[in-house]
Amino acid sequence: MSQSNKDATPELAKDYISKRKIPQLFEALMTGLMVNKPEDHIDFLIESLSRCKGNKQSLKWDTFVGQKGDGKNKLPPIDTSATSESKLNNQSKLNPIPNGKQDEKPKSELPTFPVHQVPAKSDVQQPPPKAEQNISAKPVEQSSAPKLEQHAPAKTDAQPPAVQQAPVKSDAQPHPEQHAAVKTDAHPPAVQQAPAKSDAQPHPEQHAAVKTDAQPHSEQHTDLKTNDNANKDLLKGKPLIFVGGGPGSGKRTQCQKMVEKYGFTHLSAGDIIRAASKDTSTEKGRNFNEAMLQGKLISTEDILGLIKDAIYHEAKKASGFLIDGFPRRIEQGMQFEKDIAECNVLIYFDVPEDVMAKRLVKRGESSGRIDDNEQVIAKRLLTFREETQPILGYYGKQGKLITIEANRQIEEVSDDLSKAFEGLMAQQQVVIPHKPNMDKLKNKKIIFVVGGPGSGKGTQCERIVQKYGYTHLSTGDLLRETVQSKSERGEQLNALMKEGKLVPMEVVLDLLRENMLEKAENSKGYLIDGYPREVPQARKFEEMIAPCNLVLYVRASDETMTKRLLHRGQTSGRVDDNEETIKKRLKTFHDQTIPVLDLYERKNKLAEVNSELPPDEVFKEVQEALDKLV
């Protein structure tokens, strides 16, 4: 190995790039190009490099803004008279198959609540928004009915300060200056970037993992692009919410509450990175680990790749996404929306830095996280302030920013979050899928009735209903009733059945849940007949609805069940009551359902009754099992 190759270490490369301010140079050149839009970009670059050759110390992100030209090629100014609302052409659907057409709801005004908008700072200029909407509200002072104010975009100054910083509050009451109305001028906006730093710290991008993967062949690239498009299609109509705030601002707690209320899928960028950093056997894992120890940000390319994989993994079953801790820089947000999907809104939790630091130190006493120590916390807060704050102005200009004062009680923050979130989403005409309130099912007994075809479980269910007043729900009956209703959902189910396709598990669960909630007021409990038939169905039921109290297994031998079904077939006219089909049905039952019985036997929730006995004797055993639940 040559000496030159030995010297080409990542550390030396980082040092070289940092000392020569190469990231700041590229940032300034890109900003100048996008603002001035020169006819001859090569001449512009040559002239720009000549200007800064002898004066490197004064290099800033806006050094080449307004360098040449009469302004004809510059980006257009922000239209402050725009009043049209930002409309997102996506409607989220909770049910895989819709429950009929929904009535159109008029646009709603934002509710009144103590939420405030952090004023857009003048140190960074933004690209033109899609619509001039910036929603803000004053906190409660003396009136119990505060009013929302429409804020115009922030006025830009000639010389922006080096760092954009959110107003720091020392208590729950925001500073009055934070609510001052702001104005905009007609200067053309620049691409908003984090301010260049002049110290010797390496640029955050220097912590990016070294890419060692070879370029894929064209055939592989085509396959990847096709898969990527298919994944993007799965995200259509599903709200995508960015959740921002400094470390220790309470993002995770509030995200959990949003998941409970709306049924969204929560993805934490921090958790995803920490999981990757634990794999120190790889160079990428070591780079992630080093960046976290130094309180630095991971490169956009690396973090975006991790998040994309996580989103696509959950896309099929998710009703919406909460992306926590991302984006942290404007270019991350722009790249995300280019590669994955457009976000609907950024929710930002505003907490003073000293409060966040105290929370993190306290958390570090029990969390075991490598980045929960005072030295790293200070670096993390500095990185957050310098690199993340400009993102507020970027999304604020698009009318996609909700700022919540989070230095209060958890429930107060949660209430304001729900009001703000629903108000803005309604204004943007995005339907939010509410997770149904399952409180009605509390203290209601849920009993799965399991048995093979011809086991006699239908007879026993009728007797249970008469004696105990439980509600009998048969998944087969529910599906048939839905098809016969001729509703939109019924038509789609009918089409599936005609094509011989399986009804999605989520649809069956939705039907069960809807009927359970509808009958909850007058029901003492539920007999779920014909479900679950597989272990995944059992787990999904308990996840989406409630845990069952008992599994009643109506047991009969294959010989007995076959005789009963053949006898029934003589008068039933059912096409599946013939010997060949019966054998297949029994095999399917044993293969799929017996593991369900094993699962609940391990949980001590299984009760067997001998269905070989006469019906009255069988019911005595049933009563013994059910009476234990009372």
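The values are calculated or read from the model by the stated rules, or taken from the named source; none is laboratory data. Since this is a predicted model, take the numbers as computed values, not measurements. Glycine also receives a Cβ, built like all others from the backbone with ideal geometry; neighbour counts cover every protein chain displayed.
Just checking, which of Ile311, Ile303, Ile298, Ile307 is outside any helix (DSSP H, G or I) and among the hydrophobic types (A, V, I, L, M, F, W, C)? Walk me through it before giving the result.
Numbers: Ile311 fails: outside any helix (DSSP H, G or I); Ile303 fails: outside any helix (DSSP H, G or I); Ile307 fails: outside any helix (DSSP H, G or I).
Answer to the check: Ile298.
Once the range 292-321 is narrowed to residues that are in contact with a His (Cβ under 9 Å, 6 or more places away or on another chain) and buried (at least 23 other Cβ atoms within 10 Å of the Cβ), the residue that is farthest from Thr383 (Cα to Cα) is Phe321. Yes or no: the range 562-583 includes at least one residue that is in contact with a Ser or Thr (Cβ under 9 Å, 6 or more places away or on another chain) and at pLDDT 90 or above. No: the range 562-583 contains no residue that is in contact with a Ser or Thr (Cβ under 9 Å, 6 or more places away or on another chain) and at pLDDT 90 or above.
Can Tyr531 be described as crowded, with 19+ Cβ neighbours inside 10 Å, in the same structural domain as Gln623 (by TED's automatic domain parsing) and in contact with a Lys or Arg (Cβ under 9 Å, 6 or more places away or on another chain)? Quick ask: steps written out before the conclusion?
Values: crowded, with 19+ Cβ neighbours inside 10 Å: yes; in the same structural domain as Gln623 (by TED's automatic domain parsing): yes; in contact with a Lys or Arg (Cβ under 9 Å, 6 or more places away or on another chain): no.
No, not satisfied.
Counted as qualifying within the range 462-548 are the helices (runs of 4 or more DSSP H) with 3 or more residues that are over 33 Å from the mean Cα position of the chain (by Cα), namely 475-484. Does any residue in the range 24-44 that is at pLDDT 85 or above come within less than 7 Å, Cβ to Cβ, of a residue that is of a type in the set (Lys, Arg) and surrounded by fewer than 16 Cβ atoms within 10 Å (Cβ to Cβ) six or more places away or on a different chain, and which pairs are these? Filtered contacts from the range 24-44: Pro38/Lys68.
Within the range 255-278, how many residues turn out to be closer than 24 Å to Ile377 by Cβ and assigned to a loop (DSSP other than H, G, I, E, B)?
Pass one, the range 255-278, residues closer than 24 Å to Ile377 by Cβ: 255-256, 266-278.
Filter once more, so that each one left must be assigned to a loop (DSSP other than H, G, I, E, B): 278.
Residues that pass the stated criteria total 1.
Here's the yes/no breakdown for (1) of a type outside the set (Ser, Thr, Tyr); (2) in a helix (DSSP H, G or I); (3) in contact with a Ser or Thr (Cβ under 6 Å, 6 or more places away or on another chain):
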| position | (1), (2), (3) |
| --- | --- |
| Ala318 | yes, no, yes |
| Leu322 | yes, no, no |
| Glu342 | yes, no, no |
| Leu346 | yes, no, no |
| Ala357 | yes, yes, no |
| Lys362 | yes, yes, no |
| Ile377 | yes, yes, no |
| Thr383 | no, yes, no |
| Leu392 | yes, yes, no |
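Checking the stated criteria, Glu514 turns out not to satisfy the condition of being farther than 28 Å from Thr459 by Cβ, among the acidic types (Asp, Glu) and either modelled with pLDDT of 90 or more or surrounded by 14 or more Cβ atoms within 10 Å (Cβ to Cβ) (or both).
Listed here are the residues, each with its yes/no results for (1) among the charged types (D, E, K, R); (2) in contact with a Pro (Cβ under 6 Å, 6 or more places away or on another chain).
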site: Gln484; (1), (2): no, no
site: Ser487; (1), (2): no, no
site: Gln492; (1), (2): no, no
site: Ala495; (1), (2): no, no
site: Glu506; (1), (2): yes, yes
site: Leu512; (1), (2): no, no
site: Glu521; (1), (2): yes, no
site: Tyr526; (1), (2): no, no
